[in-house]
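The values are calculated or read from the model by the stated rules, or taken from the named source; none is laboratory data. What you are looking at is a predicted structure, and each value in this text was computed from that prediction instead of being measured. Here the Cβ positions follow ideal geometry from the backbone for every residue, glycine too, while neighbour counts run over all protein chains shown.
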Amino acid sequence: MFRSVRSAGSVHAMGTTIDIARPDGSTCPAYHASADGPGLVVVQEWWGLNPQIKTTADRFAAAGFNAVVPDLYRGKLTTDAEEANHLMTNLDFGNAVVDVKACLQHLKQGGAKAGVLGFCMGGALTILAAVNVPETDAGVCFYGIPPAEFADPATIKIPFMAHFATVDDWCTPEAVDGLENKLKAGGVDYELFRYQGRQHAFMNEARPEVYDAEAAKVAWDRSVTFLRGKLQA
């Protein structure tokens with residue numbers, strides 16, 4: 001199930017744009033990097049569905065995951081942090097969770113398991129999905145924590161992994177401690193990793209000012225191994 005899909009010839013060099021049916025009858029546009037394996041919803045940072053997150057989905061497809069990235073901003077993109085903050089602030093997170101749910105339902109047609117993995121804003125949405133979307137079979141969060149009123153991490157009932165930088169003014173070490181305390185209190189099946197001296201968004205190779213190749217490789221390997229173990233049929 002987890003063979004290299006590139007060598008098998010079953011993944012495109014670039015994915016395709018598809019429309020996914022939502023439970024409310026509307027559709028969610030998404031980027032699809034196809035592979036013959038378990039499903040994985042990859043959730044964007046606050047920049048939008050940009051080339052970097054598409055490349056990340058391609059990498060997961062190459063690792064054997066049938067990857068889908070919902071276009072939460074419906075085509076809007078930015079490279080400006082102030083505008084990205086504006087887009088995120090104005091995002092209806094409840095509606096975004098429905099997008100994630102729709103993608104999971106799409107990926108699970110035919111009986112495959114499917115997980116959610118997200119970065120920054122997408123990491124917070126991963127926790128929201130882990131709490132609120134029963135179709136989620138496993139979750140991997142990168143440096144994102146939702147407001148407490150949106151989700152209680154202690155109620156997560158699926159295998160969960162989280163990655164955080166220690167130099168982060170959003171997901172501060174204190175905030176991460178608070179998250180872990182809730183996971184422990186809820187008896188959640190979790191693994192949480194702190195990357196010492198690394199900065200927020202250390203996985204994003206398109207941001208050389210914060211990217212850390214060593215930490216990114218370790219986090220990637222941990223995540224792929226975890227997802228393969230939890231999503232294997």
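The residues in the range 32-66 that are in contact with an Asp or Glu (Cβ under 8 Å, 6 or more places away or on another chain), outside any loop (DSSP other than H, G, I, E, B) and within 22 Å of Arg22 (Cβ to Cβ) can be counted, and the count is 3. The set of residues in the range 133-158 being over 17 Å from the mean Cα position of the chain (by Cα) and within 20 Å of Gln105 (Cα to Cα) consists of Lys157 alone.
On the given criteria, is Arg228 buried (at least 19 other Cβ atoms within 10 Å of the Cβ) and among the charged types (D, E, K, R)? No; evaluated as a whole, the condition is false for this residue. Hey, among the residues in the range 142-192 that are among the hydrophobic types (A, V, I, L, M, F, W, C) and closer than 19 Å to Asp212 by Cα, which one's modelled with the lowest pLDDT? Checked the range 142-192; the qualifying residue modelled with the lowest pLDDT is Trp170. Applying the condition of being of a type in the set (D, E, K, R) and touching a Pro at 6+ places or on another chain (Cβ under 7 Å) to the range 75-107 and asking which residue is farthest from Glu45 (Cα to Cα) yields Lys101. For the range 219-233, the candidate set comprises residues that are of a type in the set (A, V, I, L, M, F, W, C) and at pLDDT 95 or above; within that set, the residue that is farthest from Arg194 (Cα to Cα) is Leu231. Name every residue in the range 15-30 that is closer than 17 Å to Gly48 by Cβ and not in a strand (DSSP E or B), in order of residue number. Once the filter is applied, which keeps residues that are closer than 17 Å to Gly48 by Cβ and not in a strand (DSSP E or B), the range 15-30 yields only Gly15.
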